[in-house]
Amino acid sequence: MTSTADVAVIGGSGLYSLLDGAREVRVETPYGPPSDAVTVGQVAGRRVAFLPRHGRDHRHPPHLIPYRANLWALRSLGVRRILAPCAVGGLRADLGPGTFVLPDQLVDRTSGRERSFVESGAVHVNFADPYCPAVRRAVHETADTIGIPLTGTGTVVVIDGPRFSTRAESRWYAAAGGTVINMTGAPEAALARELALCYAAIALVTDLDAGVDGEHGVTQEEVFRVFKDNTERMRGLLLATIANLPAERTCPCPDTLDGMQPAYLIP
Ligand code: ADE
């Protein structure tokens, strides 16, 4: 069995495996080891790689995830399209726990993370639309087909964590136009773009963030519990979406680096 793949899923909190009978591949990268071994298997005739973002035992907290190694490892296996499920907090009262959101924008409020492969030269990728339109469309159409209600747009605010936000921070993010909030959406999406990969986040709301919730604020316990309760729905959406991805990449993502000379991709 080959260890290459063309589609990958980067699993978030509570999603530590995806494929039965998959082959485990250990990958080394110029940026160190990824979060864990990658498992590679087959879904609807497609070679699919799975990488648990936090590691199988959830050993990497969000601000210390080896994001560059993760993206590099997947690309080195041949992956060109990535589905990125993640747990998020709702910044609007109508987005309660259990809601699926397909973000179309993000605001990166993180700092101090290794956020780019660019270490020399002029490589300024277009990131106006941070998610691949074709993969987003496939997710949306699949959710409609299998009957998973999905909020089709939204802005993810990405904070460093690992603590949750204060009520004032949370209200501020909501007032600034944020729809949902999490700790891992950046720099993952930007690194995927720097490798000219297609990437789409699929957000599952696990809690109402502190500025929306009038009572206890956010607890880790509820985030993990709600994600776990919805793991099978997320898994179903991921597997069905993989089967529905278009055969060819006709989106702008493959052309991202046209006219640039990214030293990191030229040995
Ligand atoms: N991940 C899940 N819920 C979250 C929240 N409320 N804030 C930040 N990250 C989260």
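The values are calculated or read from the model by the stated rules, or taken from the named source; none is laboratory data. Treat the numbers as computed from the prediction; the structure is a model and nothing was measured. Note: ideal-geometry Cβ built from the backbone for every residue, glycine included; neighbour counts use all protein chains shown. We work out accessible area using only protein heavy atoms, side chains counted, and drop any ligands, DNA or RNA first. Shrake-Rupley method; radii C 1.70, N 1.55, O 1.52, S 1.80 Å.
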Solvent-accessible surface ranking, highest first, for Asp108, Asp213, Asp94 at 1.4 angstrom: Asp94, Asp108, Asp213
Net charge of neighbours whose Cβ lies under 9 Å from the Cβ of Cys198, counting Lys and Arg as +1 and Asp and Glu as -1: +3
Counting Lys and Arg as +1 and Asp and Glu as -1, each charge on the Cβ, what is the dipole of the chain about the Cα centre in debye, to the nearest 20? 400 debye
Using the scaling law 2.2 N^0.38 Å as the reference, what is the normalised Cα Rg of region 113-174? 1.60
Given a cut-off of 22 Å, what percent of all Cα-Cα pairs of the chain lie beyond it? 53 percent
Taking all protein chains in place and a 1.4 Å probe, what share, in percent, of the accessible surface of the chain do carbon and sulfur account for? 51 percent
Quick one: plug the Kirkwood hydrodynamic radius of region 1-56 (C-alpha pairs) into Stokes-Einstein at 4 °C, 1.567 mPa s, and report D in µm²/s. 114 µm²/s
When only C-alpha pairs under 8 Å and at least 6 residues apart count, what is the relative contact order of the chain, in percent? 25 percent
List, in order, the whole-Hz ³J(HN,Hα) value for each residue of region 36-51 obtained from phi through the Karplus relation with A = 6.51, B = -1.76, C = 1.60 and θ = phi - 60°; use x for Gly and Pro. 6, 4, 8, 9, 10, x, 10, 9, 6, x, 9, 7, 10, 9, 10, 10
Charge context of Val88, other residues only, Cβ under 10 angstrom, K/R +1, D/E -1: -2
Sorted by accessible surface (1.4 Å probe, heavy atoms of the protein chains only), largest first, Glu24, Glu215, Glu222 come out as Glu215, Glu24, Glu222
For region 7-255, the charge dipole (Cβ of Lys, Arg +1; Cβ of Asp, Glu -1; about the Cα centre) points to a positive end, and the Cα of Ile202, Ala49, Thr179 closest to that extreme belongs to Ala49
Checked region 120-263 against the a/c 1.5 cut and the a/b vs b/c comparison, axes a ≥ b ≥ c from its Cα gyration tensor; verdict oblate
Per DSSP H run of at least 4 residues, take -39500 (n - 2.57); add these up for the chain, divide by its residues and hand me the 222 nm value, nearest 500 deg cm²/dmol. -7500 deg cm²/dmol
Largest first, how would His60, His140, His124 line up by accessible area (1.4 Å probe)? His124, His140, His60
Between region 131-178 and region 75-94, the Cα center-to-center distance that results, in Å: 9 Å
For the chain, what is the accessible area per residue in Å² when the probe is 1.4 Å? 43 Å²
